[in-house]
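Worksheet for the structure shown next.
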Amino acid sequence: MLIDTKIPYRYIFHQIKWDVARVILFSLLFQLLKTYVASYLPPVPVQLPTILGSFISLLLAFNMNQSYDRWWEARKVWGAIVNDSRSLVLQLRQFIDPRQMPAGEAARLLRRLGHRQIAWCYSLGQSLRGQDALAGLPQFISPEEMASVAEHRNKPLALMQQHSDDLATLTQAGALNTFQQVQLDSTLVRLVASMGQAERIKSTVFPVTYRLFIHLFIYLFLIILSLGLVEEVGLMEIPALTIVASAFFLLEKTAKFMQDPFNNKPTDTPVSAIARTIDINIRQLLHEPQVPEPRKAEEFYLM
Amino acid sequence: MLIDTKIPYRYIFHQIKWDVARVILFSLLFQLLKTYVASYLPPVPVQLPTILGSFISLLLAFNMNQSYDRWWEARKVWGAIVNDSRSLVLQLRQFIDPRQMPAGEAARLLRRLGHRQIAWCYSLGQSLRGQDALAGLPQFISPEEMASVAEHRNKPLALMQQHSDDLATLTQAGALNTFQQVQLDSTLVRLVASMGQAERIKSTVFPVTYRLFIHLFIYLFLIILSLGLVEEVGLMEIPALTIVASAFFLLEKTAKFMQDPFNNKPTDTPVSAIARTIDINIRQLLHEPQVPEPRKAEEFYLM
Amino acid sequence: MLIDTKIPYRYIFHQIKWDVARVILFSLLFQLLKTYVASYLPPVPVQLPTILGSFISLLLAFNMNQSYDRWWEARKVWGAIVNDSRSLVLQLRQFIDPRQMPAGEAARLLRRLGHRQIAWCYSLGQSLRGQDALAGLPQFISPEEMASVAEHRNKPLALMQQHSDDLATLTQAGALNTFQQVQLDSTLVRLVASMGQAERIKSTVFPVTYRLFIHLFIYLFLIILSLGLVEEVGLMEIPALTIVASAFFLLEKTAKFMQDPFNNKPTDTPVSAIARTIDINIRQLLHEPQVPEPRKAEEFYLM
Amino acid sequence: MLIDTKIPYRYIFHQIKWDVARVILFSLLFQLLKTYVASYLPPVPVQLPTILGSFISLLLAFNMNQSYDRWWEARKVWGAIVNDSRSLVLQLRQFIDPRQMPAGEAARLLRRLGHRQIAWCYSLGQSLRGQDALAGLPQFISPEEMASVAEHRNKPLALMQQHSDDLATLTQAGALNTFQQVQLDSTLVRLVASMGQAERIKSTVFPVTYRLFIHLFIYLFLIILSLGLVEEVGLMEIPALTIVASAFFLLEKTAKFMQDPFNNKPTDTPVSAIARTIDINIRQLLHEPQVPEPRKAEEFYLM
Amino acid sequence: MLIDTKIPYRYIFHQIKWDVARVILFSLLFQLLKTYVASYLPPVPVQLPTILGSFISLLLAFNMNQSYDRWWEARKVWGAIVNDSRSLVLQLRQFIDPRQMPAGEAARLLRRLGHRQIAWCYSLGQSLRGQDALAGLPQFISPEEMASVAEHRNKPLALMQQHSDDLATLTQAGALNTFQQVQLDSTLVRLVASMGQAERIKSTVFPVTYRLFIHLFIYLFLIILSLGLVEEVGLMEIPALTIVASAFFLLEKTAKFMQDPFNNKPTDTPVSAIARTIDINIRQLLHEPQVPEPRKAEEFYLM
């Protein structure tokens, strides 16, 4: 997530440099053409750039809106993960009846579930970003669990399975009654759903032809605009066209980055920072003395 | 689902070839008309193409948005199927109490339900695409079940009925208590709802007149634009009009394909690939040694 | 619901004939005016038709979108009815314990509830369309139930009350335990909600002034456009204006028809066909030998 | 809610008379200015009215859409109240076991809860409209309850509290078991939520600056348009501008009225009529012989 | 929340003064340039300001819509907090069985939970606004609870933990049975979710590049418009441009303020006033004699 301040110009410029270079190139080309073959160039009727301009503006604005919705949906999914992680620990503390288990066993299981929930959040974030889904997990789960998780293709799902097994254990020991088990299971169902929703956003490519045609239409519009400007504006055309083109390409790139919020880029949903927040919350709900610091922003963004 | 790279030009061109041919034809026609009867052609007032152009741009942009919503809804439905399939198996493993049944019976029923859930996903995907809903199912369900399903018109619904019967059996045997049965039934209710939602998207034709009028308006707009261009641009009109027309028709076709995401086309929701993912997940949750590979993309799309 | 093919021209033409006639009339009138009093007509500034044209285009496009949402919501409500009807029967089969009742009694009650659910779907569809809500019901429910339903103003609600009474009977007989009763009641609550949602769409008039002003603005726009065209285009104005006007009025009518999807028109949500699908599904879930055929489309639409 | 027919012109005209008067005034003023100081008036460049016109058109169209969503949300909330009121009575009839209470006591409590639910609907509608929330209630609830409700600031909430107390009474008497109590409580939770949602729409002012700026921009646009027209159109400017202005102001007013659907105006959500429908439904579910008539529309609207 | 009336001009002017100053500055600059180097200035083609104007209008209108959605979502979250706070107290009163506890203990616990719920609402509102989350809490919770809460980083979450502990106490004492506990826990889950949703809106910066580019495009548009006006309008350009610029900047600022509804500004969601409403409701549900007054608006806004 980009932070409100201090976005360096080079970051912004970096995104559109090739497209802008191409635009400069072809406006130069049209200048040359004009010098040598002006009389052969067809006149561009005045309506064409206006019609195409309003068409591409509309497409871009709608596309921006769809990208925004997708970005906001990704953030909502991770918001739901925060909420359900907190609720899970609150519910476990409230429901587990320690009198039904050997001394200390209930507390040990509560701690195990809480830590595994932290591990799940980190692991899900890393796997969405295509990073190692197991990195950093050994501090939260036991070596046996680690080994079992490693055998699964979908690591966060394996952690959920261990949660589910623990609930069965607690119920069979009598520390949870069946209603409480089912209520906790409902929380797991919601967590599994959030996981699947994040995976859906990650794995569903934004409609490719739609994205591609918008890109092509911007070029089409700029070429027709350029042909129209050639006659009237002369050499001043090149900076004018470059600025207008930059405006359109910047918007297009912003839309594109918002469409893919789990790409390990500065515009990502800040899943690491959110997982850290959950880490802090759960440790405090478990009354642990040591709590990590919230993740700091790096330069101009927060991962 | 189209994959991000390598969409062949012939695929794109194939979609709009007839419409573009028609546009070339009538712009040729207007050129001829102009040569012979220029003086009789009425002047097209400058506002008409602009007004119609912004109207058709708006309609197309909104239509694109509605198609996108429908496409995204279809993907969400299948995302929910992923989540509930995983939850179903997690819940069954957690809830079933093997001590209440003959040795091995609980494990056998768990495996039967898990495999039938895989079968259900494949069957639903195939029936939505108008393919044989029973193809490939014998590896997951027994011949008796197969025979019973074959008698139903709606095959996936018949599989759900067998799920439901198994829950009754498990409850009567005491391996599930009623509260757990009801929680599992809630998962079945969600799966039945997702099935119905996918069928709804499949069976509900996008408003025909709306779709038709957009198509006609694009032609109307192009004809009026063509009449306007005739006077000013001359022979250069034909490529200009062809390019503009292609832009509009490409968008319209993209919208149309997104409206029908279960049509056995490259732009489909990738239901086979999603069903395979569920297949892998469920087998790993059941600790089966053999797990299939994720489905690969074919050339430039993933089914 | 209109079917994808074969919409006859007369059907489309029929919708807008009066509006188009009016447009032809006043463009003729302006021609006459022009011939006699041209010098007294004020010049229409070039911006006015453009501004009004883009305003009315926007209003129509948004209106189309709102109508589409309403139409899609109506379809979703009936999709939910499909899902919950199927779930209701699956649940009843799963939950009812025949050992707690006299022989055959449980099967009889199951069949009664299933048939009443079919009756409810037909009855709701007919009452939404303003038809006789009781037509065709005697083949599904007993004469006593029929008599009791006839006394209620809201027939589908009366059928739900009988469902509810049967659940109480089954529970008191011990064939359902309380958890199962409550789970079944949740399904009834969803069905009651769907019924209310369909009634809401039926009874809530789309904001009248909004609809009216859009209609008036189209005329206002056409008159101003007509005044503008008079000077430039001459007699060719009449067909030009007629075509443009038809485009706008067709869109407006399409929007209007989508706003009211329970009006017994070809553009309706196909509630009869959906009820038939439920009929087939429930009979097959009850293992009945005789099952009706799916409803066929009539000419170019499906009711 | 305005009814589909017969909206009197005076009602429509009444809404915009002051704004239109102001527009006529300043177009007159510009005519005078033109006569005396034409040479000093700056020429208005042709793009300005077009740009501002499309900007204000967009704002108004989006604003209309937001207002429509708010209006539809209000209607949905009241639709949910209909559904949950019906479900509440169906559930009470189904769940209450009369054998656990003195003869007639269960029937008396059922009737009390049903009548109080009717009272709640009327009371909520009246309090949303700023009317006396207690008017007409004595025919539904006892004098003691009436006195208790009168002490609360939020009358409908007090009625819900009495519902809640009755559920406790029924449970303690054994006429409801705990699971049924919880299911009924879920219905109360939804009713409390609907009440809060209606209050939210009522108490949340539509963003004031947004509404205000739209109003000012319409004036700004009209002034600039007027300046532009002065040169070309002459005296005919006044009716032209008046008509265009009326179009914009009518839309703005329509949007404004839809934003506040509980204002005791003809454009309100018809809460009295909906409460009457619930009244009829509940009485028939309780098998009462006397049932009121549905509320009739008054002249051109239904409250 | 701004109140419908009496927004002082200085408040509005204050928001855009720097942007307007910059616009005046550069239109002055262009006037000077024109006087000295008019012949070197390139002509601005007539289409450019129109195209850019309709592009920036679209972006602003969509942005306004997204901001409005975010603002409305924030208000909905706090509406849900109102509803669930009321339901929580209604449920506690209905469920707690005083006969299972020492005399007066149930009433004491009910009062403690009710007051803590009030404290939670105030605390959440204050922490969202970056104020002291503990201010004013001692009048609602005991010193021991205060001390325990102070140790947590997330104060409202700590209060929820205490709620959760109390539910466990009540259940262990037998004053709640497990169904009732689970139903109350569901209410806590919803409150935790609402808290997380408000935190999500607070902590998620609106996409920075999107916001930034809109700001830059307004300037780009104004500069190009200014260049276009220079030739035609002369000195009158400065007020004209200033007014148009103010319109765009006012809208942009309005959108920006709606994006961040928990910023301790007059445009905030009125969380203090909502918390006060909950305070009043809960005290009356607990039959307390002393109830505070609703919060009054300050000058032109309500916090």
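The residues in region C:104-142 that are touching a residue at least 24 places away in the same chain (Cβ under 8 Å) and of a type in the set (A, V, I, L, M) can be counted, and the count is 9. Just one of (1) within 11 Å of another protein chain (Cβ to nearest Cβ); (2) over 18 Å from the mean Cα position of the chain (by Cα); (3) under 26 Å from D:R108 (Cα atoms) fails for D:E288. It is (1). All of B:Q161, B:Q181 fail the test of being open to solvent by less than 20 Å² (accessible area, probe 1.4 Å), more than 7 Å from chain C (Cβ to nearest Cβ) and free of Cβ contacts under 8 Å to residues at least 40 places away in the same chain, apart from B:Q181.
So that you can scan it fast, the table gives a plain yes or no per residue for (1) over 30 Å from E:G114 (Cα atoms); (2) out of contact with any strand residue (DSSP E or B) (no Cβ under 6 Å at 6 or more places or on another chain); (3) without any contact (Cβ under 8 Å) to a residue 40 or more places away in the chain:
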{"site": "E:D185", "(1), (2), (3)": "no, yes, yes"}
{"site": "E:R211", "(1), (2), (3)": "yes, yes, no"}
{"site": "E:I218", "(1), (2), (3)": "yes, yes, no"}
{"site": "E:L222", "(1), (2), (3)": "yes, yes, no"}
{"site": "E:G228", "(1), (2), (3)": "yes, yes, no"}
{"site": "E:I278", "(1), (2), (3)": "no, yes, no"}
{"site": "E:L286", "(1), (2), (3)": "no, yes, no"}
{"site": "E:V291", "(1), (2), (3)": "no, yes, yes"}
{"site": "E:E299", "(1), (2), (3)": "yes, yes, no"}
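The residues of region B:69-128 that are part of a loop (DSSP other than H, G, I, E, B), open to solvent by less than 40 Å² (accessible area, probe 1.4 Å) and not acidic (D, E), listed by number, are B:I96, B:M101.
The set of residues in region D:1-38 that are assigned to a helix (DSSP H, G or I), more than 10 Å from chain C (Cβ to nearest Cβ) and open to solvent by less than 40 Å² (accessible area, probe 1.4 Å) comprises D:I16, D:D19, D:V20, D:V23, D:F26, D:S27, D:F30, D:Q31.
The residues on offer are E:V192, E:V230, E:V182, and the sole one that is at pLDDT below 90 and either under 30 Å from A:A273 (Cβ atoms) or touching a helix residue (DSSP H, G or I) at 6+ places or on another chain (Cβ under 9 Å) (or both) is E:V230. Only residues that are open to solvent by 40 Å² or more (accessible area, probe 1.4 Å) and touching a residue at least 12 places away in the same chain (Cβ under 8 Å) were counted in region C:143-154, giving 2. Within the bounds of region D:200-213, is there any residue that is among the small types (G, A, S) and open to solvent by less than 30 Å² (accessible area, probe 1.4 Å)? No: zero hits. Out of all the residues in region E:239-257, which are touching a residue at least 40 places away in the same chain (Cβ under 8 Å) and open to solvent by less than 10 Å² (accessible area, probe 1.4 Å)? Result: E:L241, E:A245, E:F248, E:F249, E:L251, E:T254, E:A255. The test for being outside any helix (DSSP H, G or I) and either at pLDDT below 95 or buried (at least 22 other Cβ atoms within 10 Å of the Cβ) (or both) holds for B:P261. Only one entry of D:T277, D:T209, D:T267, D:T254 meets the criterion of being of a type outside the set (A, V, I, L, M, F, W, C), in a helix (DSSP H, G or I), in contact with a Phe, Trp or Tyr (Cβ under 9 Å, 6 or more places away or on another chain) and within 10 Å of chain C (Cβ to nearest Cβ), and that entry is D:T254.
Comparison of D:Q172, D:Q197 shows that the only residue that is open to solvent by 50 Å² or more (accessible area, probe 1.4 Å), under 19 Å from E:R93 (Cα atoms), among the polar types (S, T, N, Q) and facing chain E (nearest Cβ under 9 Å) is D:Q172.
The values are calculated or read from the model by the stated rules, or taken from the named source; none is laboratory data. Because the structure is predicted, anything quoted here is derived from the model rather than measured. Positions of Cβ are backbone-derived with ideal geometry, glycine not excepted, and every protein chain shown enters the neighbour counts. We work out accessible area using only protein heavy atoms, side chains counted, and drop any ligands, DNA or RNA first. Shrake-Rupley method; radii C 1.70, N 1.55, O 1.52, S 1.80 Å.
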